[in-house]
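The structure under discussion appears below in the form of structure tokens.
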Amino acid sequence: MEKLKVSNVTKIYGNNTDKAMEMVLKGEDNEQIRAKTKQVVGVREASFSVEEGESFVIMGLSGSGKSTLLRCINQLIKPTAGHIYLDGQDLTKVSSQELIEIRRKRMGMVFQRFALLPNRTILENVGYGLEVQGIARKVRTEQAKKALHMVGLKGWEDYYPHNLSGGMQQRVGIARALATNPDILLMDEPFSALDPLIRQDMQDELLEIQKKLHKTIIFITHDLDEALKIGDRIALMKDARIVQIGEPEDILLSPASDYVARFVENVNRSKALTASSVMVKPRSVVYPKDGPRAALRIMEVHGISSVFVVDRKGALIGYVRAEDAAEAAEKGQRELDGIIQNDVPTAFDDTPLSELLDVLAYTKVPVAVIDEEKILKGVLVRGSVIAGLAGERRDWDE
Amino acid sequence: MNNIPRIPLAKWTDMAIDWLTVNYQNTTQAISDVLKGAIVGLQDFLISIPPELVIIVVALIAWWLAGKRIALFSLVGLAFIYNIQLWNETMQTIAMVIAAVSLCIIIGVPLGILTAKNMTAHRIITPILDFMQTLPAFVYLLPAIPFFGLGVVPAVITTLIFAMPPIIRLTDLGIKQVPEELVELGKSFGSTFFQMLFKIELPLARPTILAGINQCIMLSLSMVVIAAMIGAKGLGGVVWTAIQNLKMGMGFEAGVAIVIIAIILDRITQNLGKTN
């Protein structure tokens with residue numbers, strides 16, 4: 001279900017935006033608009049929609065307009081043009097009273113520098129959203145405690161923000177956003193201010209929380225690795241525009257422009273790519289009823305030294321080596337039973353490539369990619385993996 | 001330049017004051033009566049408390065807020081004032097300072113909030129504050145008399161004009177200094193205007209506002225001598241009498257008492273923002 005829809009949102013900074021808006025519509029570039037009208041284009045004609053429960057990442061370098069776009073969603077910044085629909089309701093048209101209600105109950109925000117109130121305890125910070133709703137202290141305390149436990153900060157209720165490390169402070173920030181149980185989490189570079197190791201822990205934790213809660217998340221980052229890890233889909237921004245929207249692998253494997261291509265050049269692909277994105281189709285399989293001769297023929301045709309054996313449903317059984325098949329054929333065996341090897345290295349289609357590199361380095365047979373029902377989906381051969389890591393997508397034969 | 005006639009600013013001012021006197025004297029006299037009752041009542045109340053008790057309570061407050069050294073200083077300093085028989089005058093002065101500072105806070109903090117939130121108000125009020133702070137006190141001391149009569153009320157009003165600007169300025173500054181992210185935090189969780197103010201902005205601006213109050217107290221004290229010229233008694237009155245009669249020693253005693261009070265009030269209020 002579509003939760004949030006951003007439609008043609010443009011934000012121009014300045015006090016005379018009409019002329020600049022005209023130029024935006026004519027498609028003139030930001031620099032020209034700035035030179036002629038002294039107005040700065042923050043976001044131009046951004047459109048995307050986010051499904052309920054989806055993690056949508058907006059990525060771009062600083063100044064690309066990603067934070068502005070995020071703030072347009074909860075109207076901290078009023079867009080110059082365009083519409084934001086939350087469950088079909090146009091947020092650019094609601095009254096200020098309604099907007100306060102929507103911000104209180106349906107959106108939670110997490111900030112880059114945590115934005116904890118230094119004069120309040122951790123528990124009071126987490127309860128802030130509930131407090132402004134006028135919820136009774138007892139209920140508030142209980143809900144805030146629950147949210148704190150969710151982020152693993154039980155026992156820290158009565159401390160002050162300055163007693164906590166950066167990572168812990170941001171957990172408080174997340175707990176605060178979760179405490180009001182909103183539909184949407186707006187996260188503005190939440191982990192950028194943290195050390196790399198802590199950052200990864202927090203990413204993992206967010207994914208864990210998301211597995212339980214299924215919030216709709218809009219996540220801003222300038223870090224592609226982070227975007228690839230968190231995002232179900234990613235929107236890439238440059239010069240106030242969204243230049244590409246797609247699933248992580250689309251962005252990596254088919255960048256829409258040179259800019260995106262350069263952006264993704266340095267990413268650690270082994271983390272972002274999954275087995276399914278670099279596997280090749282299992283064209284050559286044999287069935288148990290096939291004899292050793294048939295198996296040998298297939299290997300001959302494809303020039304390979306072993307072949308996977310699957311049952312009628314396509315579920316993986318094992319593989320047969322050429323030398324075993326040849327021996328069995330000489331003995332006049334009619335079926336493959338007895339020469340099928342079961343020690344196949346396997347991977348699931350969503351296993352990250354980084355976890356497979358070890359296996360790939362030492363295995364003598366290709367790695368079989370299977371799904372949860374053991375159905376053979378594809379085969380990993382070194383050539384396709386290397387190509388994937390190098391950023392090319394080519395249809396490889398085994 | 002010679003062709004341009006002289007601008008009769010003095011005449012206009014006189015006319016304006018006359019007009020204000022004629023039209024608003026009743027109102028200002030009414031205000032004056034209320035204020036006078038309150039201030040004199042406060043003076044009488046402070047004088048009625050046994051000095052020993054005041055000395056001990058002040059020393060304890062100083063200990064709690066500013067530490068042992070200031071507590072000891074308060075004890076000795078106030079005992080000295082009592083000893084040189086300036087106690088009643090000191091209490092009168094303190095009552096005026098309390099009255100002036102309270103009014104400054106009641107008027108100044110909301111004005112500071114207004115200038116922080118509203119650019120137009122900021123543009124209008126800032127030059128007025130410059131005016132209030134730099135215009136020599138004597139210039140507005142005498143015009144205060146037709147409106148408020150002689151005595152403590154015009155003294156407190158002129159003190160108000162002189163001592164209020166720092167509260168307005170520092171409240172304004174304190175609110176503007178609240179980090180943008182915390183303002184966004186408040187808004188993004190659906191705070192109303194007053195929730196923003198009381199739950200986020202004022203608590204975070206508190207140390208800055210308290211610094212303004214501290215300055216306000218010091219400026220109020222520095223006005224007591226000048227205010228004595230229009231009939232406010234207290235320590236300033238002693239100084240003023242001493243000057244008129246060329247009694248150097250008497251003037252010095254009262255001057256030292258003012259300094260002692262100033263140091264005690266300054267150290268205690270300076271630490272108000274830090275301890276909590």
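The values are calculated or read from the model by the stated rules, or taken from the named source; none is laboratory data. Please read these numbers as outputs of a predicted model, since none were measured by experiment. Positions of Cβ are backbone-derived with ideal geometry, glycine not excepted, and every protein chain shown enters the neighbour counts.
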| Does the range A:261-283 include one or more residues that are without any contact (Cβ under 8 Å) to a residue 24 or more places away in the chain, of a type in the set (F, W, Y) and not assigned by TED's automatic domain parsing to the domain that holds A:V385? | no
| Residue satisfying all of: in the range B:73-120; without any contact (Cβ under 8 Å) to a residue 12 or more places away in the chain and assigned to a helix (DSSP H, G or I); nearest to the chain's Cα centre (by Cα) among these | B:S102
| request: Can you give me the number of residues within the range A:325-354 that are under 25 Å from the mean Cα position of the chain (by Cα) and under 17 Å from A:V381 (Cβ atoms)? | output: 5
| task | Just name the residue that is nearest to the other protein chains (Cβ to nearest Cβ) out of those in the range A:59-94 that are in contact with a strand residue (DSSP E or B) (Cβ under 9 Å, 6 or more places away or on another chain) and among the small types (G, A, S). | result | A:S67
| query | Looking at this structure, is A:T351 in contact with a Pro (Cβ under 6 Å, 6 or more places away or on another chain) and among the polar types (S, T, N, Q)? | reply | no
| task | For B:Q43, work out the one condition from (1) modelled with pLDDT under 90; (2) surrounded by 14 or more Cβ atoms within 10 Å (Cβ to Cβ) it doesn't fulfil. | result | (1)
| field | the range B:177-191 residues that are more than 7 Å from chain A (Cβ to nearest Cβ), paired with ones that are at pLDDT 95 or above and in a loop (DSSP other than H, G, I, E, B) (beta carbon under 7 Å, 6 or more apart) | value | none
| query | Mind checking which residues of the range A:198-232 are buried (at least 20 other Cβ atoms within 10 Å of the Cβ), of a type in the set (D, E, K, R) and under 18 Å from A:S354 (Cα atoms)? | reply | A:E226, A:K229
| Which condition number in (1) buried (at least 20 other Cβ atoms within 10 Å of the Cβ); (2) outside the structural domain of A:T216 (by TED's automatic domain parsing) is the one that A:L186 fails? | (2)
| message | Just to be sure before I move on: is A:E226 more than 13 Å from chain B (Cβ to nearest Cβ) and more than 23 Å from A:A144 (Cβ to Cβ) in the structure I sent? | response | yes
| remark: Selection over the range A:138-161 where residues are more than 31 Å from the chain's Cα centre (by Cα) and within 14 Å of chain B (Cβ to nearest Cβ) yields a count of 2
| message | Show me the helices (runs of 4 or more DSSP H) entirely contained within the range B:163-276 in which 3 or more residues are under 24 Å from B:A66 (Cα atoms). | response | B:202-228, B:248-270, B:272-275
| Complete set of residues in the range B:225-243 that are more than 13 Å from B:T90 (Cβ to Cβ), of a type outside the set (V, I, T) and in contact (Cβ under 8 Å) with a residue 60 or more places away in the chain | B:A227, B:A228, B:M229, B:G231, B:A232
| said: If a residue must be closer than 22 Å to B:T192 by Cα and not in a helix (DSSP H, G or I), how many such residues does the range A:121-158 contain? | reply: 6
| task | Taking A:G134 as the residue in question, decide whether it is within 10 Å of chain B (Cβ to nearest Cβ) and surrounded by fewer than 17 Cβ atoms within 10 Å (Cβ to Cβ). | result | yes
| said: Need pairs with beta-carbon distance below 7 Å; first residue in the same structural domain as A:A329 (by TED's automatic domain parsing) and on the phi < 0 side of the Ramachandran plot and within the range A:295-313, second acidic (D, E) and not in a helix (DSSP H, G or I); sequence gap 6+ or separate chains. | reply: A:H302/A:E398; A:I304/A:E398
| message | Cβ contacts < 9 Å: first residue at the interface with chain B (Cβ under 9 Å from one of its Cβ atoms), restricted to the range A:173-184; second residue surrounded by fewer than 23 Cβ atoms within 10 Å (Cβ to Cβ) and in a helix (DSSP H, G or I), any location; separation 6+ or different chain. Result? | response | A:T180/A:R104; A:T180/A:K105; A:T180/A:Q143
| Would you call A:M109 under 30 Å from A:F263 (Cα atoms), hydrophobic (A, V, I, L, M, F, W, C) and at pLDDT 95 or above? | yes
| message | Condition first: β-branched (V, I, T) and at the interface with another protein chain (Cβ under 8 Å from one of its Cβ atoms). Now tell me which residues in the range A:95-122 satisfy that. | response | A:I100, A:I102
| request: Looking at (1) without any contact (Cβ under 8 Å) to a residue 40 or more places away in the chain; (2) buried (at least 16 other Cβ atoms within 10 Å of the Cβ), find the lone condition where B:N3 falls short. | output: (2)
| request: State whether one or more residues within the range A:189-196 are over 25 Å from A:S64 (Cβ atoms), part of a helix (DSSP H, G or I) and of a type outside the set (S, T, N, Q). | output: no
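Within the range A:159-172, can you find the residues that are out of contact with any strand residue (DSSP E or B) (no Cβ under 8 Å at 6 or more places or on another chain), part of a helix (DSSP H, G or I), touching a residue at least 24 places away in the same chain (Cβ under 8 Å) and not charged (D, E, K, R)?
A:P161, A:H162, A:G166, A:G167, A:Q169, A:V172
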